[in-house]
Amino acid sequence: MTKTTLCSRNPSLLQYRRTERVGSEEREEKASVLVSLNINQSLPMASNSKSPPLEILVREPEQFSLWTGPPFSDGQPAVKLDKVNCVNAKFSEDGSRIMVTKSNSLITVYDCSTAKEIRAFEVPNVVAATLSPCGTYLQTFQKPSAPQEKNVSLWKIDTGAPVYQQSQKNMTKGNWPAIQFSSDEATACRLATNEVQFFDSGDFSKGVSIRLRVPGVAAAELSSLPGSHVAAFVPESKGIPASVQIFASGNASQSQPVARRSFFRCSTTQLKWNHGSTGLLVVVQSDVDKTNQSYYGESKLCYLTTDGKHEGLVPLRKDGPIHDAQWSYSGLEFAVVYGFMPAKATLFDKKCNPLLELGTGPYNTIRWNPKGKFLCLAGFGNLPGDMVFWDYIDKKQLGTTKAEWSVTSEWSPDGCYFMTATTAPRLQVDNGIKIFHYNGSLYFKKMFNKLYQADWKPESPSKFGDIAELIKSLNLVQLEDKKPADLGPQKSTQTSVRASSANPPAQKPAAYRPPHAKGAAAIQAQLFGETPAESLSKNASRNKKKREKQKEKRAASDASSC
């Protein structure tokens, strides 16, 4: 006979004593396991006790703070760095450093492990700034005051000295940062007129080391890890179709692309490399839809591989725009949300074979869990905020919830939590942060008068335990005996239910709907996958019942008269 006895009620760590009788002897064993006691308690971060703590950057008007957690003690986050004056803040890609813009001329870099200032840079009229992936360099763009002024500078953070400068007339989302790095900073390049230029990342004083000639190139994207290839986009010109070409990076003798795809009716593209630099997703956007089905133009999705085995369209099963396309962190599969609303979502392998259909609904966003196994399918922006959490390995749905008016969303580095944020200036009201468990249950919520930014501190997923083992550890211990003390919270819960029923919360009044728009409710319900009955207001349903009763009375009176 084996008996398990609870020794501690720590919400994130249970210590238990297991007594096993073997013959006439009893053998006692003590152990500690990570377990979730209820849905409101925190999930453990990882099975590895040396895993780094999770941190969250929260930026309010003119200041930012660094939170530690989750899990949160007493339901509230601990503050590692509190209320530092700033107008902007951003982590490096590896999470080792954070860049803080304090004014239009002062930029400070902090060490994330110690939360101490490393160096401050005086850069007059700075418009934009960013850190290199490993936090080695700071890149700044200054508003030019004279023609040919070298207004783009690359600073070595450890020394505080500029190692490279160049001139750039304007800054757009497509050409910033001007100098691109691979994730390990082993490769660096920049886009120039009719060519892509490569640097010696160990010594920028040597200037441009390799020039890759690409006539008419308008955009370039360096693969992240490794930085072995670069993708170049050449727009349409004089009847020649637009094209995306893949070149081997840092090879002066490599003048021919290893892969190429041409497009007609192409205005802009989004280039998305996978982890491993073996595949490239190309979202092709045209400003005009010749079929007149969409006011916003036409879009399609193409897939190219660096070995040249695949160069073509991704086989999508519904007409309409490409809302989102994202690679998994393994780089072995990708997910696409596409089609007219209600949109469709499908998972593909690296050979473009469908793996899993995620259904249809009001979705336009997909987020992969960094530890694998899970993903979140959501509809943000002008959609109602529905979220569906999937275990795509076991091909099952874990849970559904809503996060209305969310502007940003991302998984935590350990894969246990999913955070959404409603931020300004996109939305000026109802700003706040919500953190969910991996299955969609709400863990934490905090509202702000004004919130501008909420980001996880980046960490390598390999620093945390395997997510599948973490979830399995929650069910290792099944307590066989329940102590009478467990009845206490139930009693208090019943008391609180009676109190809440005695004082019901005030209900918000229903929104006014003009007479000519009553039919729009049924159309909206059908669009969002609901039934029209679910969208009727209380007054409408009451009037409907009255009409039905009147019909029954008239029918009864007609029958009696006959």
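The values are calculated or read from the model by the stated rules, or taken from the named source; none is laboratory data. From a predicted model like this one, the values you see are computed outputs, not experimental measurements. We place every Cβ from the backbone using ideal geometry, glycine too, and count neighbours over all the protein chains shown. Quick note on the areas: whole protein, heavy atoms, side chains included, nothing else; ligands and nucleic acids left out. Shrake-Rupley method; radii C 1.70, N 1.55, O 1.52, S 1.80 Å.
Quick look at the numbers
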quantity: Considering residues of segment 423-469 that are open to solvent by less than 50 Å² (accessible area, probe 1.4 Å), part of a loop (DSSP other than H, G, I, E, B) and more than 13 Å from residue 411 (Cα to Cα) only, the residue modelled with the lowest pLDDT; calculated: 465
quantity: Residue match in segment 100-110 (condition: open to solvent by less than 10 Å² (accessible area, probe 1.4 Å) and free of Cβ contacts under 8 Å to residues at least 24 places away in the same chain); calculated: yes
quantity: Flag for residue 408 being surrounded by fewer than 17 Cβ atoms within 10 Å (Cβ to Cβ), polar (S, T, N, Q), on the phi < 0 side of the Ramachandran plot and under 14 Å from the mean Cα position of the chain (by Cα); calculated: yes
quantity: Qualifying residue in segment 225-238 (condition: within 31 Å of the chain's Cα centre (by Cα), more than 24 Å from residue 133 (Cβ to Cβ), without any contact (Cβ under 8 Å) to a residue 40 or more places away in the chain and not in a loop (DSSP other than H, G, I, E, B)); calculated: yes
quantity: Residue list for segment 166-191, restricted to those being open to solvent by less than 20 Å² (accessible area, probe 1.4 Å), in a strand (DSSP E or B) and either within 18 Å of residue 271 (Cβ to Cβ) or small (Gly, Ala, Ser) (or both); calculated: 179, 188, 189
quantity: Failed condition for residue 90, given (1) closer than 13 Å to residue 129 by Cβ; (2) of a type outside the set (A, V, I, L, M, F, W, C); (3) open to solvent by less than 50 Å² (accessible area, probe 1.4 Å); calculated: (3)
quantity: Segment 366-385: number of residues that are open to solvent by 20 Å² or more (accessible area, probe 1.4 Å) and assigned to a strand (DSSP E or B); calculated: 1
quantity: Given (1) of a type in the set (Gly, Ala, Ser); (2) in contact (Cβ under 8 Å) with a residue 24 or more places away in the chain; (3) part of a strand (DSSP E or B), index of the condition residue 262 fails; calculated: (2)
quantity: Checking residue 216 against (1) assigned to a loop (DSSP other than H, G, I, E, B); (2) surrounded by fewer than 15 Cβ atoms within 10 Å (Cβ to Cβ), the condition it does not meet; calculated: (2)
quantity: Filtered residues of segment 74-120 (kept if of a type in the set (S, T, N, Q) and in a strand (DSSP E or B)); calculated: 85, 88, 101, 108
quantity: Lone unmet requirement of (1) touching a residue at least 24 places away in the same chain (Cβ under 8 Å); (2) open to solvent by less than 40 Å² (accessible area, probe 1.4 Å); (3) closer than 20 Å to residue 319 by Cα for residue 339; calculated: (1)
quantity: Segment 300-318, residues that are in contact (Cβ under 8 Å) with a residue 12 or more places away in the chain and either of a type in the set (D, E, K, R) or surrounded by fewer than 12 Cβ atoms within 10 Å (Cβ to Cβ) (or both); calculated: 300, 307, 311, 312, 317, 318
quantity: Residues that are hydroxyl-bearing (Ser, Thr, Tyr), in contact with a strand residue (DSSP E or B) (Cβ under 8 Å, 6 or more places away or on another chain) and more than 13 Å from residue 64 (Cβ to Cβ), drawn from segment 76-123; calculated: 92, 96, 105
quantity: Given (1) of a type in the set (Val, Ile, Thr); (2) at pLDDT 90 or above; (3) open to solvent by less than 40 Å² (accessible area, probe 1.4 Å), number of the condition residue 127 does not satisfy; calculated: (3)
quantity: Test for residue 270: is it without any contact (Cβ under 8 Å) to a residue 60 or more places away in the chain, open to solvent by 30 Å² or more (accessible area, probe 1.4 Å), in contact with a Lys or Arg (Cβ under 9 Å, 6 or more places away or on another chain) and within 25 Å of residue 224 (Cα to Cα); calculated: no
quantity: Looking only at segment 135-165, and only at residues there that are of a type in the set (A, V, I, L, M, F, W, C) and surrounded by fewer than 17 Cβ atoms within 10 Å (Cβ to Cβ), the one that is farthest from the chain's Cα centre (by Cα); calculated: 146
quantity: Residue check for residue 272: out of contact with any His (no Cβ under 8 Å at 6 or more places or on another chain), part of a loop (DSSP other than H, G, I, E, B) and basic (Lys, Arg); calculated: no
quantity: Count of residues meeting criterion [touching a strand residue (DSSP E or B) at 6+ places or on another chain (Cβ under 6 Å) and either free of Cβ contacts under 8 Å to residues at least 24 places away in the same chain or among the β-branched types (Val, Ile, Thr) (or both)] in segment 124-147; calculated: 7
quantity: Of all residues in segment 58-73 being outside any loop (DSSP other than H, G, I, E, B) and out of contact with any strand residue (DSSP E or B) (no Cβ under 8 Å at 6 or more places or on another chain), the one that is surrounded by the most Cβ atoms within 10 Å (Cβ to Cβ); calculated: 60
quantity: Matching residues, segment 151-185, being of a type in the set (A, V, I, L, M) and within 21 Å of residue 224 (Cα to Cα); calculated: 154, 178, 179
